[in-house]
Amino acid sequence: MIEVRPAETHDGDALGEIHAAAWEAAYAPMFQPDFAARAVESRRGRWHQRIAEGTGPILVAELDGPAASALLLRAVIDPTGSGRDLQLFTATPMDGAAVSRRR
């Protein structure tokens with residue numbers, strides 16, 4: 001079962017690992033290895049601060065247990081009043097397996 005909940009302080013490490021693994025799988029092959037390694041590492045350390053700052057809702061999706069994806073929303077200054085913008089969605093790379101399941 002997939003459970004979605006607000007991120008809590010203790011989720012920082014798991015969200016960092018999810019973000020780093022997803023970025024590495026998607027983008028690292030396009031960059032020089034030293035740049036890619038630094039970029040992956042920087043993504044591991046961002047989430048504790050993002051959660052603590054509370055600048056926007058951060059949601060965690062758990063798939064039958066540990067965190068499997070992260071969703072970060074941020075407020076948008078928009079004169080039309082549309083409200084929110086999806087800033088980031090990242091999920092654990094799963095070797096082609098689908099995260100969503102129909103029951």
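The values are calculated or read from the model by the stated rules, or taken from the named source; none is laboratory data. These figures come from a predicted structure and were not determined experimentally. Counting neighbours? That spans all protein chains shown, and the Cβs are built from the backbone with ideal geometry, glycine included.
Given the options A91, A28, A37, name the one that is at pLDDT 90 or above and in contact with a helix residue (DSSP H, G or I) (Cβ under 7 Å, 6 or more places away or on another chain).
One residue alone meets the criteria, A28.
Determine which single condition H48 fails, assuming it passes every other condition in (1) modelled with pLDDT of 85 or more; (2) in contact with a helix residue (DSSP H, G or I) (Cβ under 6 Å, 6 or more places away or on another chain); (3) closer than 16 Å to T92 by Cα.
Condition (3) is where H48 drops out.
Filter the range 1-45 down to the residues that are of a type in the set (A, V, I, L, M), part of a helix (DSSP H, G or I) and within 17 Å of A91 (Cβ to Cβ) and list them by number.
Those that are of a type in the set (A, V, I, L, M), part of a helix (DSSP H, G or I) and within 17 Å of A91 (Cβ to Cβ): A14, L15, I18, A20, A21, A22, A25, A26, A28, V40.
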